[in-house]
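One structure below.
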Amino acid sequence: MTRSHARKRPVLLTAYAVLFLLFLYVPILLVPAFSFNDGTIVAFPLQGFTTRWYGELSRSPELLAALRHSLVVGACVSVLATGLGTLGAWVVTRYPLPGKAPVTGFIMLPIVAPLVVLAGALFLLVQTVGVGLSLYTVGLGHLIVCLPFAFQVMRSRLESFDDSVLKASRDLGEGRVATFLRVVLPISAPGIISSLLLTFTLSFDEFVLSFFLSSTEVTLPVYIWSQLRFPGRLPVVLALGSLILLASFVLVVLGEVLRRWRTDD
Amino acid sequence: MTDTRKESHMAADPDSGISIRGISKSFDGTRVLRDIDLEVGRGEFFSLLGPSGCGKSTLLNILGGLETPDSGSIRIGDRDVTHLPAEKRPTNMVFQSYAMFPHLSVAKNVAYGLRRKRLGRRERDEKVERMLSLVHLDGLGDRNPSELSGGQRQRVALARALVMEPAVLLLDESLAALDRRLREAMQIELRELQREVGITFVFVTHDQDEAMSMSDRIAVMGGGRILQIGRPTELYHAPASREVAEFIGSINLIEVTPCAGGRLEAPGLGAFDCDSAAGEGGLLALRPECFGIAREAPAAGNRLEGRVREVTFLGDRSYLRVNVEGLEDPLIASCSFREAEGLSRDDRVWLTWSAEDGRLIPSDR
Ligand SMILES: Nc1ncnc2c1ncn2[C@@H]1O[C@H](COP(=O)(O)OP(=O)(O)O)[C@@H](O)[C@H]1O
Ligand SMILES: [Mg+2]
């Protein structure tokens, strides 16, 4: 490789990196940009600065209800999925079970199947059983999709730690339950946090299942979809979107800080 | 901690030591332990010595309650602990991998087992401090185990087990992961520590030098059985079988049959006197240091003639390998540098030994 060639490359690479980042972030940054735009039409040029859409947020009870539904479903689903996933991963990594390999091999199946198919199947199932659509059925759908992810995250975490630590705990006088609480849980805490965040995110912006399985109480994505018909409502949705972006950003930064702090220590 | 320390290498006291009776254990149909009987005295430093895979760890885990035996019983002191789970036994283990709790500091690792003892915070902290200082880790309590060297982690593992004040401390290849220097230093330290705390130690190792230098008594294991139990000197000078003889130190074995006058005869080599012979044949076992080296044919006594094959100078000792006609393997003799001085390959020598030094052991063929 010649010297000039080697010197040229960073220019191209830099250009590529800039384009790459623009492609990734510009669409997202449009959301806060338009949320402060003083006009109902979402198009350039921007028409002046306003915070009125944020004020209007608090006067949109339906939107706030949808947000609350999404948060509640997300919280319940992530906690349930992570709890069940942890127990499942625990059993699979510690005990020899007949048929373990095929069962764990197929565990991702609900995700590989097209969501529409799964949603349709669940819709039929709910109709057949006759329990009626509600936020519970939405949560059930989300749980089915989130469980495999939680299981996989927890399995890789639990597989990586040494059995002798468990023996040591029992040798030092702790029974199985206390060992789980004092050793297994803290060691798997990073896995549990990733699993909670991952499954919450999956549930929070899930659309297809929510659409099929909800009735009058809808989650945020379904609500937003229903509002797209009214252009005048869009800026309020953008204001909410910006707040959610801000919250995610804070969470990610916080998570990173926590992670560094833990590894430094 | 026990205060009734007794002199070591005494016979096991049935009221206060460990008594193992008829322990067997199989994994997936493979017998790993076969009918193990063992008595360990209180305050004894007892080693389980044997090649890798012979079942030492399994036996230790059974002692600690981390495995259940298929049959047999275990008593510690005057209690039958056979069916007691690990968390209720008066034993604590120092694991080969150290098994540090990675999420806890050194001090919290040591304090882990004390939660159950319902001590006050001050009392607990004091105990931990004292234990850390006993293993020379003062001031390192706030570190994370990952910041410690192997030797230091080893000490944390020791402290964590000792702070529980067990009746018996179980150590599984505890020094094996350390480099040689550190291992030798730790051998001495561990032995001193054991004298200091007066707790019964059951120490598993595959390293015969380690077992010999530290133990009051050793059980040599092979293939899931106990081959011989004895003090290091007994095992060395009076091995009961070929397996034990070959496992501990180097040894010369000569096949012999009984002959007239209570002597032993090796076909084509002559007849020898041996104090331990009792009218049977077998293998005459001779340690390298039993031999004297003569350059002229001795007038009387046990002797074998041969030619020097190799002289190895090792500083404090010299080793001679001597080819003897009629024996497959060369005999190994150790002697002082002076005795071997001037000897070189193909020189004719006579190896001599006294009747009390040779040992007759049963031939296993
Ligand atoms: N939990 C287990 N499951 C199956 N086999 C085992 C288990 N533990 C030990 N073994 C087998 O038992 C034999 C003895 O093992 P071990 O007691 O660890 O020997 P040592 O400590 O003397 O090296 C080995 O062949 C080992 O493979
Ligand atoms: Mg072992």
Residue check for B:Ser276: surrounded by fewer than 18 Cβ atoms within 10 Å (Cβ to Cβ), small (Gly, Ala, Ser), touching a residue at least 40 places away in the same chain (Cβ under 8 Å) and touching a helix residue (DSSP H, G or I) at 6+ places or on another chain (Cβ under 7 Å): no
Residues satisfying the stated conditions in the range A:112-129, i.e. assigned to a helix (DSSP H, G or I), loosely packed, with under 11 Cβ neighbours inside 10 Å and under 19 Å from the mean Cα position of the chain (by Cα): A:Val112
Scope the range A:177-189; condition at the interface with another protein chain (Cβ under 9 Å from one of its Cβ atoms) and surrounded by fewer than 18 Cβ atoms within 10 Å (Cβ to Cβ); matching residues: A:Ala178, A:Pro186, A:Ala189
Check on B:Gln152, assigned to a loop (DSSP other than H, G, I, E, B) and surrounded by fewer than 22 Cβ atoms within 10 Å (Cβ to Cβ): no
Residue among B:Met131, B:Met164 that is within 12 Å of another protein chain (Cβ to nearest Cβ) and of a type in the set (A, V, I, L, M, F, W, C): B:Met164
Residues of the range B:13-36 that turn out to be within 15 Å of ligand 1 (Cβ to nearest atom) and away from every other protein chain (no Cβ under 14 Å), as a count: 12
Top-ranked residue in the range B:185-207 [being buried (at least 20 other Cβ atoms within 10 Å of the Cβ) and within 16 Å of ligand 2 (Cβ to nearest atom); ranked as farthest from the other protein chains (Cβ to nearest Cβ)]: B:Thr205
Scope the range B:22-52; condition closer than 16 Å to B:Ser174 by Cα and within 12 Å of ligand 2 (Cβ to nearest atom); matching residues: B:Leu48, B:Leu49, B:Gly50, B:Pro51, B:Ser52
Set B:Glu192, B:Glu184, B:Glu210: member being within 30 Å of B:Gly223 (Cβ to Cβ) and without any contact (Cβ under 8 Å) to a residue 24 or more places away in the chain: B:Glu184
Residues satisfying the stated conditions in the range A:92-111, i.e. outside any loop (DSSP other than H, G, I, E, B), under 23 Å from A:Phe161 (Cβ atoms) and open to solvent by 80 Å² or more (accessible area, probe 1.4 Å): A:Val103
Enumeration of residues in the range A:142-169 that are part of a helix (DSSP H, G or I), open to solvent by 30 Å² or more (accessible area, probe 1.4 Å) and within 14 Å of another protein chain (Cβ to nearest Cβ): A:Arg157, A:Asp163, A:Lys167
Residues within the range B:37-52 that are more than 16 Å from ligand 1 (Cβ to nearest atom) and among the aliphatic types (A, V, I, L, M), tallied: 1
Residue satisfying all of: in the range B:163-184; open to solvent by 10 Å² or more (accessible area, probe 1.4 Å) and outside any loop (DSSP other than H, G, I, E, B); nearest to ligand 1 (Cβ to nearest atom) among these: B:Asp172
Condition met for A:Ser214 (open to solvent by less than 20 Å² (accessible area, probe 1.4 Å) and either within 14 Å of another protein chain (Cβ to nearest Cβ) or not hydrophobic (A, V, I, L, M, F, W, C) (or both)): yes
Unique match (being surrounded by 17 or more Cβ atoms within 10 Å (Cβ to Cβ) and part of a loop (DSSP other than H, G, I, E, B)) among A:Gly139, A:Gly173: A:Gly173
Residues that are over 22 Å from the mean Cα position of the chain (by Cα) and either within 16 Å of ligand 1 (Cβ to nearest atom) or β-branched (Val, Ile, Thr) (or both), drawn from the range B:69-79: B:Pro69, B:Asp70, B:Gly72
Number of the condition not met by B:Leu66 [criteria: (1) of a type outside the set (D, E, K, R); (2) within 16 Å of ligand 1 (Cβ to nearest atom); (3) assigned to a helix (DSSP H, G or I)]: (3)
Matching residues in the range B:56-102 - criterion: being on the phi < 0 side of the Ramachandran plot, surrounded by fewer than 21 Cβ atoms within 10 Å (Cβ to Cβ) and away from chain A (no Cβ under 14 Å): B:Asp70, B:Ser71, B:Ser73, B:Arg75, B:Asp78, B:Arg79, B:Asp80, B:Thr82, B:His83
Residues being under 19 Å from A:Leu185 (Cα atoms) and not in a helix (DSSP H, G or I) - total across the range B:100-141: 6
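The values are calculated or read from the model by the stated rules, or taken from the named source; none is laboratory data. Treat the numbers as computed from the prediction; the structure is a model and nothing was measured. All Cβ positions, glycine included, derive from the backbone under ideal geometry; neighbour counts span all protein chains shown. For the accessible areas, the whole protein counts, side chains as well, though only heavy atoms, and no ligand, DNA or RNA atoms are used. Shrake-Rupley method; radii C 1.70, N 1.55, O 1.52, S 1.80 Å.
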